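Note sheet for the following structure.
The values are calculated or read from the model by the stated rules, or taken from the named source; none is laboratory data. Quick caveat, the model's predicted, so the values are computed rather than measured. Cβ placement follows ideal geometry from the backbone for every residue including glycine, while neighbour counts extend to all protein chains displayed. Quick note on the areas: whole protein, heavy atoms, side chains included, nothing else; ligands and nucleic acids left out. Shrake-Rupley method; radii C 1.70, N 1.55, O 1.52, S 1.80 Å.
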Amino acid sequence: MNQLSRLFVLILFFNTAKMYAQTSIPQIPAEKQISSSTGIWLGFYTKYHFNDKWAYYGEYHVRKRNGFEDMAQVYLRFGATYTVMRYLDVTVGFVHPFYWAPNQEDPNVDKIVPQYRLWQQAVLATPFEHIKLYHQLRVEQRWKRDYEKGSSFKLTHRFRYKMTVYVPLNKPAFENHTLFLSLYNEIFIQAGKTIVYNHLEDNRTFAGLGYNLNEQFQIQGGYMFTFRHKGSPFDYEKRHIFRLSLYHHMDLHLNRHREERDIPIH
């Protein structure tokens with residue numbers, strides 16, 4: 001090989017190596033963008049026991065964004081709960097939420113978009129002498145779509161784990177007219193073909209107060225902070241949300257054993 005051929009081969013080699021390096025070395029990521037928003041979430045939770053094993057479970061939520069100004073979501077969650085043992089409940093059911101588009105004036109989007117979900121849940125109580133500690137594992141199969149008109153539904157999966165602590169404040173144990181501290185943290189993981197970089201969907205932390213009105217009604221209110229992935233690879237959101245929830249429990253059969261129920265409405 002003469003010198004001209006050798007020079008040509010070297011130029012070709014270095015150019016090829018340069019092109020490969022440019023395509024294989026990852027680009028420097030864009031700067032993380034973190035926005036902030038506020039909201040108010042109102043919830044009504046129900047649990048109606050038909051017998052010692054089976055109960056109807058329901059959740060009904062209205063959620064507002066930008067304080068109380070704009071509608072965000074309506075959640076309708078239905079389920080059948082089976083008591084496996086004193087400290088363990090499992091639930092399966094259906095969820096039908098509705099989402100309001102952030103920009104209601106955009107002619108290219110549907111103003112209200114539905115979702116369809118199946119869900120399964122296990123709640124385990126850890127018995128202590130005074131406080132109550134609960135572990136909740138919830139799995140959801142979600143068929144959801146974008147706000148753009150004509151967009152199709154796509155299946156994703158979500159896995160949620162929540163740990164909740166209740167601490168009585170004015171009485172040594174939980175009974176009627178007990179004021180208590182309510183704390184929880186919940187993490188959300190999602191998966192599916194359309195989930196690429198946003199597997200960690202949300203993390204929610206709540207602190208508030210609750211009050212047992214009687215055996216059937218309980219009320220809780222407090223502040224929830226969430227940090228979630230908002231969509232693009234570098235877009236995140238902090239949410240400051242006030243939550244107010246009413247809980248209603250009933251035993252619909254005569255031979256009830258109220259003292260044996262250690263799983264609350266979740």
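Output ³J(HN,Hα) for region 168-178: one whole-Hz value per residue in order, computed from phi by the Karplus curve 6.51 cos²θ - 1.76 cosθ + 1.60 with θ = phi - 60°, and x for Gly and Pro.
After applying 6.51 cos²θ - 1.76 cosθ + 1.60, I find x, 10, 10, 9, x, 9, 8, 8, 4, 6, 8 Hz.
Which listed residue (Gly58, Ala122, Val95) has the Cα farthest towards the positive end of the charge dipole for region 28-126, taking +1 on Lys and Arg C-beta and -1 on Asp and Glu C-beta about the Cα centre?
Ala122
Hey, what do the phi angles of region 244-249 turn into as Karplus ³J(HN,Hα) couplings, whole Hz, using 6.51/-1.76/1.60 and θ = phi - 60°, x for Gly and Pro?
10, 10, 10, 10, 10, 10
Given 0.36 nm per residue, what is the gain on full extension from Ser152 to Ile34 after removing their alpha carbon distance, in nm? Don't jump to the answer; show the numbers that get you there.
On the way: separation 118, 0.36 × 118 = 42.48 nm, distance 2.87 nm.
Using 0.36 nm per residue and subtracting the Cα-Cα distance, I get 39.6 nm.
Which FRET efficiency, nearest 0.05, do Ile187 and Lys111 yield, Cβ-Cβ r, R0 22 Å?
On the way: r = 31 Å, r/R0 = 1.42.
So the FRET efficiency works out to roughly 0.10.
Using amide H atoms built in the peptide plane, which far-off residues or other-chain residues are under 5 Å from Leu213 H to H?
His177, Gln218, Ile219
Would you list Asp146, Asp89 from the most to the least accessible area, probe 1.4 Å? Could you put the intermediate results ahead of the total?
Details: Asp146 95, Asp89 10 Å².
The most accessible residue leads, giving Asp146, Asp89.
Keeping every protein chain in place, order Lys144, Lys238, Lys32 by accessible area at 1.4 Å, biggest value first, i.e. largest first. Spell out each step's value before the answer.
Values: Lys144 60, Lys238 80, Lys32 120 Å².
I get Lys32, Lys238, Lys144, largest accessible area first.
Say each of Phe234 and Ile131 gets a label point 7 Å from the Cα, pointing the same way as Cα to Cβ; how far apart are those two points in nm?
For the pair Phe234/Ile131, the computed spacing is 4.1 nm.
What size of dipole, in debye to the nearest 20, comes out for region 98-191 about its Cα centre when the only charges are +1 on Lys and Arg C-beta atoms and -1 on Asp and Glu C-beta atoms? Can you show the working numbers first?
Numbers: 13 positive and 9 negative charges, 57 e Å.
Dipole about the Cα centre, nearest 20: 280 debye.
Binning at 10 Å from 0, report for region 83-229 what percent of all alpha-carbon pair distances ends up in each bin.
Cα pair-distance distribution for region 83-229, in percent: 10, 28, 33, 19, 9, 1.
Taking the solvent-accessible surface of protein heavy atoms with a 1.4 Å probe, what is the per residue accessible area of region 76-140 in Å²? The partial results should precede the final answer.
Values: 3310 Å² over 65 residues.
Value for region 76-140: 51 Å² per residue.
Using only the Cα atoms of region 21-138, build the gyration tensor, take square roots of its eigenvalues as a ≥ b ≥ c, and label the shape rounded, prolate or oblate: rounded if a/c is under 1.5, else prolate if a/b is larger than b/c, else oblate. Intermediate results must be reported in sequence, preceding the final value.
Values: a/c = 2.26, a/b = 1.57, b/c = 1.44.
Taking the square roots of the gyration eigenvalues as a ≥ b ≥ c, region 21-138 is prolate.
For Tyr60, put the label point 7 Å out on the Cα→Cβ axis and report which residues of region 95-133 keep their amide N under 16 Å from it.
95-98
Loop-only chymotrypsin sites (Phe, Trp or Tyr not before Pro) in region 126-231, please: DSSP not H, G, I, E or B, and at most 12 other Cβ atoms within 10 Å. Don't skip to the answer; put the middle values down first.
Numbers: sites: Phe128, Tyr134, Trp143, Tyr147, Phe153, Phe159, Tyr161, Tyr166, Phe174, Phe180, Tyr184, Phe188, Tyr197, Phe206, Tyr211, Phe217, Tyr223, Phe225, Phe227; in loops: Phe128, Tyr147, Phe153, Phe174, Tyr197.
Answer by residue number: Phe128, Tyr197.
What length, rounded to one decimal in nm, is gained on full extension from Phe217 through to Phe94, with 0.36 nm per residue of separation minus their alpha-carbon distance? Don't skip to the answer; put the middle values down first.
Details: separation 123, 0.36 × 123 = 44.28 nm, distance 2.43 nm.
Going from the current span to full extension adds 41.9 nm.
In what order, largest first, do Met71, Met163, Met85 sit by accessible area if the probe radius is 1.4 Å?
Solvent-accessible surface, decreasing: Met85, Met163, Met71.
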